[in-house]
Amino acid sequence: MSSPALEVRHVAYTDPLVVPMLTELDHEYTTRYGHSLGDIGEEMRRRPQEFGAPDGGLILLLAGGDPVAGGAFRRFDDRTAELKRIWTHSAHRRRGLARRVLSELEREIAARGYRRIYLTTGPRQPEAKGLYLATGYSPLYDPGLPAEQIGKHPFEKEVSSR
């Protein structure tokens, strides 16, 4: 039996389909760092302008109508978009979905006229660090230092219009 085809959907941060992403991210942050996003409803009410057009966006990958991966971006400066909330559902990891999300986000970011992408990931997220390094992001820190000493791990990548 084959898995359902993936649908790429651009949604608002307030879309109910975003709730599973934020809920699972909240669990991940709490488990790894001891702090959470806070109230998910409040998070959704606070951020819609940051992650909305024309400066930002949010993409979900849906399988059978259910969100399985996603991510968002917002304006960092005039030429730079910042990636946020990159997520893959725990039941769907290790299948290349995060790479697909990054590819879709990069395409949208370039189409919006940005030329650079910036992001940070935490020191207790080696999977994310590996993903960004494998997809062409340059570390803006000394990779030879212990992860906890670095703190947030910043990355960047140049993008070109397509």
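FYI, it's all coordinate maths here, none of it is from the lab. Note that the structure is predicted; figures quoted are calculated from it, not measured. Cβ sites come from the backbone with ideal geometry, for glycine too, and all protein chains shown count toward neighbours.
Before moving on, here are some points about what is shown:
- Sorting the segments 125-138, 79-92, 57-70 by their residues' average number of neighbouring beta-carbon atoms within 10 angstrom, most packed first, yields 57-70, 79-92, 125-138.
- Taken over the alpha carbons of the stretch 82-131 as equal point scatterers, the Debye sum produces base-10 log I(q)/I(0) values at 0.21, 0.22 Å⁻¹ of -0.83, -0.89.
- Contact order normalised by residue count of the chain, Cα under 8 Å, 6+ apart, percent: 19
- Stokes-Einstein D in µm²/s, Kirkwood radius over Cα pairs - the stretch 46-119 at 20 °C with 1.002 mPa s viscosity: 172
- For the stretch 23-150, the equivalent ellipsoid derived from the alpha-carbon gyration tensor has semi-axes of 21, 20, 16 Å in decreasing order.
- Using all pairs of distinct alpha-carbon atoms, the Kirkwood hydrodynamic radius of the stretch 18-88 works out to 12.9 angstrom.
- Residues of type aspartates and glutamates that Lys129 reaches as a straight line, Cα spacing below 16 Å, ignoring anything fewer than 8 places off in the same chain: Glu28, Glu82, Asp142, Glu148, Glu156
- The stretch 133-150 - phi-based ³J(HN,Hα) in whole Hz, Karplus 6.51/-1.76/1.60, Gly and Pro as x: 5, 6, 10, x, 7, 9, x, 9, 8, 7, x, x, 7, x, 3, 5, 5, 5
- Overall, the chain carries a charge dipole of about 400 debye about its Cα centre when +1 sits on the Cβ of Lys and Arg and -1 on the Cβ of Asp and Glu, all other atoms neutral.
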